Amino acid sequence: MRFTWDIFCTVIDNFGDIGVTWRLARQLAAEHDLDVRLWVDDLGAFVRLCPSADASLAVQEVQGVVVHYWAAPWSPVAAADVVIEAFACELPPAYIAAMQGRERPSLWLNLEYLSAEAWVDDCHGLPSPQGKGLQKYFFFPGFSTRSGGLLREAGLIARRRAFQCDIAAQQAFLHDIGVARASGHRLISLFCYENSALSSLLDALAESVQPSLLLVPEGCVSAGLKSYFGVEHVSLDHRYERGALTVQLIPFLSQQDYDYLLWSCDLNFVRGEDSFIRAQWAERPFIWHIYPQQDKVHIDKLQAFLDRFSVGLDGACSEVLSALSLDWNEGRNMAQSWRRYDAASPVLAGHAADWSARLAEGENLADSLVQFHQNWL
C-alpha cells in the first residue's frame, strides 16, 4: 500500500519554514515512495528556493511532490493518511473534520522546531487527544537518540566529500555565481537577520591579518551594508573593500547551490533552522543567528546548542565560540570576540568536522517519521 502524506507550512521565517518542509517533502517522496502533497501559503518564498517552480500555479508537481498553494478560504479535499502540521501552523477546520471522518483517522503529527534543549527528549512523541478518535503527536527534531533526529537525505555526506575534494568543481561553482577567490583569502558566507553587531564584525574582518572575502546573498542585510560602506545601494556587479575585507553580494541561491556555498567556505554565518542544519552537514565552522524571540528565550536555546556542540572541545575554545555566538546574537561589539575566535579557528575547524561526522551516525528525521507511522499502524 502506498500511503499519502500532507505537509502544511505557513511561511514565517522567510525561508526557514519552507526550507525544512520542502526538503522533507522531497525526501519522503524520493526515498520512501510516498504520495506527498506540500501545502504552502507563500509560493514566492518557495520559488526562491526552487527556481523551477511557478509561483502563479495553484497546483504543480515539482521533483515528485505535488505542491499546493494554501489559499484562504480553504477548498475541501480528502485528508491524507499522515498529516504534518509544520511548526504549529493551524490546519483548516474543514481539513481536521476530513481527518476525523476517515474510516481510519489520519495520523496527525505536529513537527516542532529544532532545539537542543534537554526537555525535547521527554516531549518527543507525546500524544494530545483531539476528539472523534483523532490524536495529535508532538514530533521533535533533535540531536539525541530520543528525538526525531535531523534532516539528511541519502548520499548527502558522500556528495559533500566529493565536492570538497574537487577544487575544480568548487572553482566552477564560484565562477557560476560570479565569484573569483584570490589565493590566501578566507572565504566566508553571511546569511543572517538584520543585526546591530554587523558593523563591528565588518570592522573586525577589515582589521584582521588574513584577508577575507565575505559573500552575502542578495537581500540579506543590504541596509547594513549600504550604511557601512556609505553607498546608496549595493549591487551584484561590484566589490566593496575596506582594509583586509572584501564584501561581494551574490545572487540568492537555490537549496542545492546554497549547499555548494556552505561546502566552499571556510566559515559560514547562518540563520533560522534550515541553513543552520545544512551548515552542520558542511563540516565547516559556523555561527548561528537564531530567530529572535520575546524575553530572549532564543538565547537559552542558543546556549543549549552551544553546550551540546562543545562536548569534547577544549574549554578555552568552547568559551571563545560561546562569546562570539552570544555577541553576534545579542548585537554586541564583536572586536574582541572575533580576534579570539580567529586565533582559535584551526581547532574549531577540526571540531566542526568531528561534530558533523558524529551527527551523521544519528537519527534521520524523514526515516523517523516513516517509522513512527509504521509503529502507529
When both residues are 6+ apart or on different chains and their Cβ atoms are under 9 Å apart, which pairs have a first residue that lies in the range 359-377 and is touching a residue at least 40 places away in the same chain (Cβ under 8 Å), and a second that is loosely packed, with under 14 Cβ neighbours inside 10 Å and aliphatic (A, V, I, L, M)?
364/154
Only listed residue being surrounded by fewer than 20 Cβ atoms within 10 Å (Cβ to Cβ) and over 28 Å from residue 196 (Cα atoms), chosen from 358, 340
358
Does residue 348 qualify as being in contact with a Cys (Cβ under 9 Å, 6 or more places away or on another chain) and assigned to a helix (DSSP H, G or I)?
yes
Filter result (assigned to a strand (DSSP E or B) and within 10 Å of the chain's Cα centre (by Cα)) within the range 248-287
270, 271
Select the helices (runs of 4 or more DSSP H) contained entirely in the range 127-209, then report the ones holding at least 2 residues which are of a type in the set (Lys, Arg) and touching a helix residue (DSSP H, G or I) at 6+ places or on another chain (Cβ under 9 Å).
156-164
Selection within the range 142-196 - surrounded by 13 or more Cβ atoms within 10 Å (Cβ to Cβ), of a type in the set (S, T, N, Q) and closer than 30 Å to residue 29 by Cα
144, 147, 164, 170
Could you pull out the residue among 225, 215 that is among the aliphatic types (A, V, I, L, M), in contact (Cβ under 8 Å) with a residue 12 or more places away in the chain and not in a strand (DSSP E or B)?
225
Residues that are in contact (Cβ under 8 Å) with a residue 60 or more places away in the chain and surrounded by 17 or more Cβ atoms within 10 Å (Cβ to Cβ): does the range 231-245 have at least one?
no
It is to be established whether one or more residues within the range 249-264 are open to solvent by less than 30 Å² (accessible area, probe 1.4 Å), aromatic (Phe, Trp, Tyr) and closer than 26 Å to residue 45 by Cβ.
yes
Here are some residues: 302, 313. Which one is assigned to a loop (DSSP other than H, G, I, E, B) and crowded, with 20+ Cβ neighbours inside 10 Å?
313
Got a number for residues in the range 99-113 being open to solvent by less than 30 Å² (accessible area, probe 1.4 Å) and touching a Pro at 6+ places or on another chain (Cβ under 9 Å)?
2
Could you list, in sequence order, the residues of the range 14-69 that are open to solvent by 40 Å² or more (accessible area, probe 1.4 Å), assigned to a helix (DSSP H, G or I) and among the acidic types (Asp, Glu)?
31
Of the criteria (1) over 25 Å from residue 155 (Cβ atoms); (2) open to solvent by less than 20 Å² (accessible area, probe 1.4 Å); (3) modelled with pLDDT under 95, which one residue 272 fails:
(1)
Looking at 57, 43, 38, 49, which one is in contact (Cβ under 8 Å) with a residue 60 or more places away in the chain and among the hydrophobic types (A, V, I, L, M, F, W, C)?
49
Across the range 82-125, what is the number of residues that are in contact with a Lys or Arg (Cβ under 8 Å, 6 or more places away or on another chain) and either assigned to a loop (DSSP other than H, G, I, E, B) or hydroxyl-bearing (Ser, Thr, Tyr) (or both)?
5
Scan the range 137-157 and give yes if some residue there is farther than 23 Å from residue 375 by Cα and in contact (Cβ under 8 Å) with a residue 40 or more places away in the chain, otherwise no.
yes
What is the number of the single condition among (1) surrounded by 15 or more Cβ atoms within 10 Å (Cβ to Cβ); (2) part of a helix (DSSP H, G or I); (3) more than 18 Å from the chain's Cα centre (by Cα) that residue 332 does not meet?
(2)
Scanning for something at pLDDT 95 or above and either open to solvent by 40 Å² or more (accessible area, probe 1.4 Å) or within 30 Å of residue 104 (Cβ to Cβ) (or both), does the range 317-325 turn up at least one residue?
yes
Restricted to the range 361-377 and to residues being among the aliphatic types (A, V, I, L, M) and over 20 Å from the mean Cα position of the chain (by Cα), the residue least open to solvent (accessible area, probe 1.4 Å) is 370
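The values are calculated or read from the model by the stated rules, or taken from the named source; none is laboratory data. Only a predicted model underlies this, so the values are computations on that prediction, with no experimental measurement involved. Backbone-built Cβ (ideal geometry, glycine too); neighbour counts: all protein chains shown. Accessible surface areas use protein heavy atoms only, side chains included; no ligands, DNA or RNA. Shrake-Rupley method; radii C 1.70, N 1.55, O 1.52, S 1.80 Å.
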